[in-house]
Every structure is written in C-alpha cells, then in structure tokens.
Amino acid sequence: MAPEHGASSDAPVVVIGAGPAGLTAAYELVKRGRAVTVLEATDQIGGISRTEVRDDWRFDIGGHRFFTKVPEVEALWHEILPDEDFLQRPRMSRISYRGKLYDYPLKAGNALKNLGIIEAVRCVLSYVWVRIRPPKDQTNFEGWVAARFGWRLYNIFFKTYTEKLWGIPGTEIQADWAAQRIKNLSLFSAIKNAIFQPKGQTEITTLIDTFQYPKYGPGMMWERCRDLVVSGGGEVIMNAPVVALHREGKRVTAVTVLQNGEEKLIRCSDVISSMPLQHLVQGMNPKAPQEVREAAEGLGYRDFITVAIVVPVEDGFPDNWIYIHTPGVKVGRIQNYGSWSPYLVKDGLTCLGLEYFVNEGDGTWTSTDEDLIALAKSELAQLGLVKTERMQAGFVVRVPKAYPIYDEGYDLKVDTIRHWLADEVVNVQATGRNGMHRYNNQDHSMVTAMYAVDNICGIERDLWTVNVEEEYHEEKRNDSSGTAPAAGTGRAAPVLPRRDKSA
C-alpha cells in the first residue's frame with residue numbers, strides 16, 4: 001500500500017470521474033478555494049462527451065448538441081471556452097426508410113411524397129381501422145403508438161429504431177415514454193395541423209433550429225475545463241479507477257485507486273461520484289447492506305459502438321444524423337461529422353459515424369474491428385447512402401456502459417441506494433447520468449454537479465429534483481408567454497421490462 005495522500009484535517013474533495021459532471025464539480029470547487037482531486041478510470045477526458053481522435057479525424061460519441069434551458073449552464077460553457085470557439089450549427093435530422101429520407105419531425109407533405117399515394121392511402125386506412133378496432137393493450141409502446149397512428153405508420157416511423165436502441169420489442173416498453181415523447185399528437189391532429197395551420201396554437205412544440213457546438217468537438221470543452229481545474233490548484237489523476245471507498249461511521253474518509261498495478265490510498269473530506277451507481281455501491285468498504293447491494297446488482301447498462309467511415313465530402317449529407325428505420329440492418333443512426341463542424345474532418349472528405357446499440361459481450365461487441373468496418377460499409381451501401389467504391393478508411397470506437405437501462409423496477413432500486421447514501425454515507429453524492437442512473441443530458445449532469453458543490457459549501461440542494469419536467473429538452477414552445485417551467489431541466493426515461501440475468 002502506497003503512503004496516504006493528504007491528511008484528514010485538510011483532505012481534498014475527491015471527485016470520481018472526469019466527464020461533464022465530475023469536471024463541472026471540480027471546476028466549481030477550485031473557484032471556491034476548495035482542494036479537489038479528480039480520479040478518472042481511463043486515459044480520456046470527457047466521459048461519453050469526449051472527442052475521439054484517430055489519424056487526425058475527430059469523432060463525437062453520440063452527438064452532443066450544446067443547448068440548454070438552464071442559464072447557469074449556458075454561462076459556464078462560455079466561461080470555460082471563449083465565444084470564438086463555438087460554432088452556431090443548424091439542427092437537421094431525417095429518417096431513412098427503404099431508400100427514402102423523411103423529414104424529422106415528420107411533415108405531412110414530405111411524408112406523403114415519399115410514401116406515394118398508394119402507401120399513403122394504406123396508412124390512412126390503417127389509422128381508420130385502429131379507430132374502429134384499437135389495439136387491446138395500449139399500456140405498451142407498440143399499442144399506444146399504433147392506436148394513434150395506425151399499424152403501418154407505427155412500423156415505418158416508430159418500431160425499428162426504438163427496438164434497435166433498447167434491444168427489446170416495442171411490446172415490452174411501457175406506454176408512458178411514448179406519451180411523454182409524442183404527447184397529444186396523432187395522425188388526425190398532424191393532418192389537421194398540416195392542412196389548416198392554426199394560428200396562435202400553443203399545444204404543439206417544435207425542435208430547436210440551431211445549437212452551439214465547440215469547433216473541435218465536445219471534448220474541447222472538457223479538456224479546457226480540466227486545464228482550468230489544474231491551474232486553479234486542483235489535481236486530475238488519469239488511469240486511476242476507484243476500487244474501494246473506506247467508510248468510518250457515516251462518512252467515507254478515503255478511497256483506494258489502482259495505479260500502474262498498485263493500490264494507492266487517498267484521503268478525502270467529501271466524495272462527488274459520477275462513476276456508475278452500481279460500481280459506487282460495490283466499492284463500499286465495509287460493504288453496503290444486502291438489500292442495497294442487491295439493488296445495485298440489478299441495475300443494467302446499454303453499450304455503444306461507433307464505426308466511422310471516411311467518404312468524399314459530396315457523399316455526405318446535410319443532416320447532423322439520420323435515424324435508420326429500414327429493417328434488415330443493424331445500424332441505428334448515422335452521423336455526418338462534417339455537418340457538426342468542418343474542424344472535425346479534412347478538406348474534400350467527411351466522415352460518417354454508424355452507431356450500433358449493443359450489449360457488452362454480444363456478437364456485435366466482440367466482433368473484430370475489421371469485421372465491424374466491413375459491416376458498416378456493407379450497410380451504408382445497402383441503405384443507398386454511399387457506393388462501396390467511394391468508401392475509404394474506417395475506425396471503431398467502443399463505449400461500455402454508455403446508457404443506463406431503465407428497466408421495470410429500476411427506479412425502486414435507485415431509490416433504495418440513494419436513501420441509503422443520504423442516511424448512512426452522508427458525505428458521498430452521486431451525480432451525472434451513470435452516477436445517478438437517471439435519463440440525464442449533459443446539461444442535467446452539470447446541474448447535479450453544481451448542486452453537489454453547493455451542498456458541500458453549506459447551501460442545501462436536492463440533486464434529485466434535476467431533470468423532472470416532462471418537456472423534452474430540445475423542444476421550444478411556440479407560445480409567446482415566456483413562462484418558464486415550474487421545475488426541472490429534462491425529460492422522463494422509458495421504462496423497459498425487467499431483465500432476466502439468467503438469459
């Protein structure tokens with residue numbers, strides 16, 4: 001065991017994880033004159049908001065639009081990076097279905113043109129049929145959406161992508177998520193609004209038109225934040241996974257990290273954790289009670305692979321990304337990094353990122369890079385987006401535990417853990433998406449970190465009130481009231497069926 005780092009009287013706040021939540025917390029702490037040590041398990045800054053660099057190509061993992069309803073987050077972004085490092089980018093995304101590209105959000109004229117009159121009539125008749133014979137079970141995603149759009153439109157615009165994303169049939173996803181995402185929209189209301197275009201309506205929301213984006217990708221933000229933490233007196237230690245949190249009474253007084261094959265003990269006054277909530281509980285020493293450990297063991301995660309393919313710039317598309325609803329291919333979404341920023345790509349070329357939603361250890365995850373690149377190229381050609389002979393180099397990025405799984409009962413497990421932490425480990429706060437196992441965006445994660453720092457500095461905040469509003473974070477209201485939501489900064493998560501770990 002290496003010598004202790006620091007002493008109990010002046011021990012730093014330990015921040016676990018160097019993603020948006022962890023680095024926001026660290027930056028806020030050094031600004032307030034507090035000693036802080038950031039522990040990052042990997043060799044990369046930014047978590048899932050990092051920018052991967054391969055042969056001078058830059059890849060955004062998942063796509064990060066810098067848009068927020070929280071003024072404090074907006075101000076912090078521009079405090080970390082100067083205004084000239086931000087680009088104002090147009091927001092554009094479409095749906096690919098059987099060789100045609102449909103506007104997203106859906107527009108009646110565009111959809112009608114692409115579907116053709118015969119298929120459009122079939123979709124309307126399908127909708128009429130569900131009005132006569134609605135699905136018997138509308139408690140699930142499939143039944144709820146089909147009842148409002150008909151079976152044909154459900155299969156075209158809702159089923160395939162959603163099932164790729166979560167890895168389960170639409171019949172096993174709860175209807176609440178569809179209701180929150182789609183709200184009161186139905187085929188009838190969509191057609192009525194398209195034809196009559198009512199003035200002054202306030203019920204329908206639209207997606208943002210533009211967003212900010214750091215010109216070298218989101219990692220630019222967090223690499224700069226890391227530098228500010230260090231220049232402010234903080235410490236950032238890379239390749240230092242936390243393997244134990246040592247409890248004395250109701251406080252964690254030290255953590256053990258693994259560095260270069262050796263364990264090192266680091267004293268702490270407080271802990272702000274953005275590591276997976278499951279790992280936080282599993283690292284407790286002495287162990288957490290059995291019910292808490294079982295709750296942590298029951299939490300699951302969805303993993304993610306990006307396969308980036310270099311193509312001539314003219315073979316790209318103006319969209320930030322395209323949702324792939326065509327059945328028969330594994331890819332769920334395709335980014336054009338050149339549409340995010342010209343600084344991510346090279347002159348005359350762009351890079352398309354094919355996104356695969358997977359489970360660590362499955363056949364796609366364990367495929368070789370060569371096989372994944374071959375798969376991506378074949379699917380690009382199959383979708384009619386790029387001809388095979390136009391494709392050039394390929395790169396693979398794997399991201400374990402990219403998304404928490406919000407399966408049936410996950411919220412009860414999280415409640416069990418968070419109440420135990422609040423009562424029995426009073427100086428540990430969980431923040432961020434994985435840290436809280438919440439459906440958080442980057443700005444939500446930053447707000448939870450700000451709240452955690454306030455708590456340490458004596459300003460009482462409840463981290464669990466962040467991300468509670470129903471309205472999706474990229475939506476804007478068409479009314480002119482200017483009234484802000486009463487509380488919250490985000491949207492609800494889907495509820496998936498409980499996973500069978502024996503399967």
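Output yes when any residue across the range 19-32 is out of contact with any strand residue (DSSP E or B) (no Cβ under 8 Å at 6 or more places or on another chain), touching a residue at least 24 places away in the same chain (Cβ under 8 Å), not in a helix (DSSP H, G or I) and not aliphatic (A, V, I, L, M), and no when none is.
There is at least one residue in the range 19-32 that is out of contact with any strand residue (DSSP E or B) (no Cβ under 8 Å at 6 or more places or on another chain), touching a residue at least 24 places away in the same chain (Cβ under 8 Å), not in a helix (DSSP H, G or I) and not aliphatic (A, V, I, L, M).
Which residue out of Glu74, Glu142 is assigned to a helix (DSSP H, G or I), open to solvent by 50 Å² or more (accessible area, probe 1.4 Å) and of a type in the set (Asp, Glu)? First the steps, then the outcome.
Details: Glu142 fails: open to solvent by 50 Å² or more (accessible area, probe 1.4 Å).
Result of the check over Glu74, Glu142: Glu74.
Considering only residues of the range 77-111 that are of a type in the set (A, V, I, L, M) and under 25 Å from the mean Cα position of the chain (by Cα), which is surrounded by the most Cβ atoms within 10 Å (Cβ to Cβ)? Break it down stepwise before answering.
Step one: of the range 77-111, the residues of a type in the set (A, V, I, L, M) are 80-81, 87, 92, 95, 101, 106, 108, 111.
Narrowing further to those that are under 25 Å from the mean Cα position of the chain (by Cα): 80-81, 87, 92, 95, 101, 106.
On the way: Ile80: 20, Leu81: 19, Leu87: 17, Met92: 18, Ile95: 22, Leu101: 17, Leu106: 18.
Within the range 77-111, the match that is surrounded by the most Cβ atoms within 10 Å (Cβ to Cβ) is Ile95.
When only residues in the range 279-289 that are assigned to a loop (DSSP other than H, G, I, E, B) and touching a Lys or Arg at 6+ places or on another chain (Cβ under 8 Å) count, which is surrounded by the fewest Cβ atoms within 10 Å (Cβ to Cβ)?
Residues of the range 279-289 assigned to a loop (DSSP other than H, G, I, E, B): 283, 286-289.
With the extra rule that they be touching a Lys or Arg at 6+ places or on another chain (Cβ under 8 Å), the set shrinks to 286-287.
Numbers: Pro286: 8, Lys287: 12.
It comes out as Pro286.
With Arg226, Arg251, Arg267 as the choices, which residue is touching an Asp or Glu at 6+ places or on another chain (Cβ under 6 Å) and open to solvent by 30 Å² or more (accessible area, probe 1.4 Å)? Don't jump to the end; show me each part of the working.
Numbers: Arg226 fails: touching an Asp or Glu at 6+ places or on another chain (Cβ under 6 Å); Arg251 fails: touching an Asp or Glu at 6+ places or on another chain (Cβ under 6 Å).
Unique residue meeting the criteria: Arg267.
Within the range 290-322, which residues are hydrophobic (A, V, I, L, M, F, W, C) and assigned to a strand (DSSP E or B)? If you could, list the steps in order and put the result at the bottom.
Looking only at the range 290-322, we keep the residues that are hydrophobic (A, V, I, L, M, F, W, C), and these are 292, 295-296, 299, 304-305, 307-311, 313, 317, 321-322.
Scanning the range 290-322 gives Phe304, Ile305, Val307, Ala308, Ile309, Val310, Val311, Trp321, Ile322.
Quick test for you: out of Val38, Val73, Val130, pick the one residue that is touching a residue at least 12 places away in the same chain (Cβ under 8 Å), more than 26 Å from the chain's Cα centre (by Cα) and at negative phi. Steps first, please.
On the way: Val38 fails: more than 26 Å from the chain's Cα centre (by Cα); Val73 fails: more than 26 Å from the chain's Cα centre (by Cα).
Checking each option against the conditions leaves just Val130.
Yes or no: Asn285 in contact with a His (Cβ under 8 Å, 6 or more places away or on another chain) and either farther than 19 Å from Pro400 by Cβ or among the β-branched types (Val, Ile, Thr) (or both)?
On the way: in contact with a His (Cβ under 8 Å, 6 or more places away or on another chain): yes; either farther than 19 Å from Pro400 by Cβ or among the β-branched types (Val, Ile, Thr) (or both): yes.
Yes.
For the list (1) modelled with pLDDT of 95 or more; (2) of a type outside the set (Asp, Glu); (3) within 24 Å of the chain's Cα centre (by Cα); (4) not in a loop (DSSP other than H, G, I, E, B), I need the number of the one condition that Thr253 fails.
So Thr253 meets the others, but not (3).
List the number of the failed condition for Asp227; all other conditions in (1) assigned to a helix (DSSP H, G or I); (2) in contact (Cβ under 8 Å) with a residue 24 or more places away in the chain hold.
(2)
Name the single residue that is least open to solvent (accessible area, probe 1.4 Å) among those in the range 366-403 being in a strand (DSSP E or B) and among the charged types (D, E, K, R).
Just the residues of the range 366-403 that are in a strand (DSSP E or B), to begin with: 394-403.
Going one step further and asking which of them are among the charged types (D, E, K, R), we end up with 398, 401.
Details: Arg398: 72, Lys401: 54 Å².
Ranking the qualifying residues of the range 366-403, first place goes to Lys401.
For the range 77-97, which positions are more than 27 Å from Gly332 (Cα to Cα), in contact (Cβ under 8 Å) with a residue 24 or more places away in the chain and not in a helix (DSSP H, G or I)? Even if it seems obvious, please write down each step before you answer.
Of the range 77-97, the ones more than 27 Å from Gly332 (Cα to Cα) are 77-86.
Now drop any that are not in contact (Cβ under 8 Å) with a residue 24 or more places away in the chain, which leaves 77, 80-81, 85-86.
Once the filter is applied, which keeps residues that are more than 27 Å from Gly332 (Cα to Cα), in contact (Cβ under 8 Å) with a residue 24 or more places away in the chain and not in a helix (DSSP H, G or I), the range 77-97 yields Leu81, Phe86.
Kindly indicate whether Val243 is touching a strand residue (DSSP E or B) at 6+ places or on another chain (Cβ under 6 Å), open to solvent by 40 Å² or more (accessible area, probe 1.4 Å), at pLDDT 95 or above and of a type outside the set (Phe, Trp, Tyr). Walk me through how you get there before you give the answer.
On the way: touching a strand residue (DSSP E or B) at 6+ places or on another chain (Cβ under 6 Å): yes; open to solvent by 40 Å² or more (accessible area, probe 1.4 Å): yes; at pLDDT 95 or above: yes; of a type outside the set (Phe, Trp, Tyr): yes.
Spelling it out, Val243 is indeed touching a strand residue (DSSP E or B) at 6+ places or on another chain (Cβ under 6 Å), open to solvent by 40 Å² or more (accessible area, probe 1.4 Å), at pLDDT 95 or above and of a type outside the set (Phe, Trp, Tyr).
Any residue at all in the range 40-54 that is at pLDDT 95 or above and over 26 Å from Tyr343 (Cβ atoms)?
Taking every residue of the range 40-54 in turn, at least one turns out to be at pLDDT 95 or above and over 26 Å from Tyr343 (Cβ atoms).
Identify all residues within the range 418-469 that are among the hydrophobic types (A, V, I, L, M, F, W, C), out of contact with any strand residue (DSSP E or B) (no Cβ under 8 Å at 6 or more places or on another chain) and not in a helix (DSSP H, G or I); write none if there are none.
Our first condition is that a residue be among the hydrophobic types (A, V, I, L, M, F, W, C); within the range 418-469, this holds for 420-422, 425-426, 428, 430, 436, 446-447, 449-450, 452-453, 456-457, 459, 463-464, 466, 468.
From the residues that got through so far, the ones that are out of contact with any strand residue (DSSP E or B) (no Cβ under 8 Å at 6 or more places or on another chain) too are 420, 422, 446-447, 450, 457, 459, 464, 466, 468.
Listed by number, the residues that qualify are Cys457, Ile459, Val466, Val468.
Which one is nearest to Ile168 (Cα to Cα), of the residues in the range 404-415 that are open to solvent by less than 50 Å² (accessible area, probe 1.4 Å) and in a helix (DSSP H, G or I)?
Initial filter on the range 404-415 (open to solvent by less than 50 Å² (accessible area, probe 1.4 Å)): 404-407, 409-410, 413-414.
Checking which are in a helix (DSSP H, G or I) leaves us with 410, 413-414.
Values: Tyr410: 16, Lys413: 21, Val414: 22 Å.
Result: Tyr410.
Among the residues of the range 317-345, count how many are surrounded by 15 or more Cβ atoms within 10 Å (Cβ to Cβ) and over 15 Å from Gly63 (Cβ atoms). Talk me through it step by step, then tell me what you get.
Kept after step one, since they are surrounded by 15 or more Cβ atoms within 10 Å (Cβ to Cβ), are these residues of the range 317-345: 317, 319-326, 329-341, 343-345.
Within this subset, residues satisfying the condition of being over 15 Å from Gly63 (Cβ atoms) are 325-326, 329-330, 343.
The number of residues fulfilling the criteria is 5.
When the residues of the range 348-365 are filtered to those that are open to solvent by less than 30 Å² (accessible area, probe 1.4 Å) and aliphatic (A, V, I, L, M), which remaining residue is nearest to Glu314 (Cα to Cα)?
Filtering the range 348-365 down to residues open to solvent by less than 30 Å² (accessible area, probe 1.4 Å) leaves 350-358, 364.
When the remaining residues are screened for being aliphatic (A, V, I, L, M), the result is 352, 354, 358.
Numbers: Leu352: 12, Leu354: 18, Val358: 30 Å.
Per the stated criteria, the residue is Leu352.
Considering only the range 122-139, how many residues are assigned to a helix (DSSP H, G or I) and either closer than 30 Å to Lys387 by Cα or of a type in the set (D, E, K, R) (or both)? So that I can check it myself, show each step before the final result.
Initially, the range 122-139 is screened for residues assigned to a helix (DSSP H, G or I), giving 122-132.
Checking which are either closer than 30 Å to Lys387 by Cα or of a type in the set (D, E, K, R) (or both) leaves us with 122, 131.
Total satisfying the criteria: 2.
State which residue is farthest from the chain's Cα centre (by Cα) when the search covers only the range 160-169 and only residues that are within 18 Å of Ile95 (Cα to Cα) and without any contact (Cβ under 8 Å) to a residue 60 or more places away in the chain.
My answer is Glu163.
Listed residues Leu23, Leu29; which is within 22 Å of the chain's Cα centre (by Cα) and buried (at least 21 other Cβ atoms within 10 Å of the Cβ)? Step through it out loud before you land on a result.
Numbers: Leu29 fails: within 22 Å of the chain's Cα centre (by Cα).
It is Leu23.
Going by the conditions given, is Glu119 assigned to a helix (DSSP H, G or I), at pLDDT 90 or above and open to solvent by 70 Å² or more (accessible area, probe 1.4 Å)?
Numbers: assigned to a helix (DSSP H, G or I): yes; at pLDDT 90 or above: yes; open to solvent by 70 Å² or more (accessible area, probe 1.4 Å): no.
Considered against the rule, which asks whether it is assigned to a helix (DSSP H, G or I), at pLDDT 90 or above and open to solvent by 70 Å² or more (accessible area, probe 1.4 Å), Glu119 comes out as no.
The values are calculated or read from the model by the stated rules, or taken from the named source; none is laboratory data. Predicted model only: the values in this text are computed from it and were never measured. Note that each Cβ is placed from the backbone with ideal geometry, even for glycine, and that neighbours are counted across all protein chains shown. Just the protein is used for accessible areas: all its heavy atoms, side chains included, with ligands, DNA and RNA removed. Shrake-Rupley method; radii C 1.70, N 1.55, O 1.52, S 1.80 Å.
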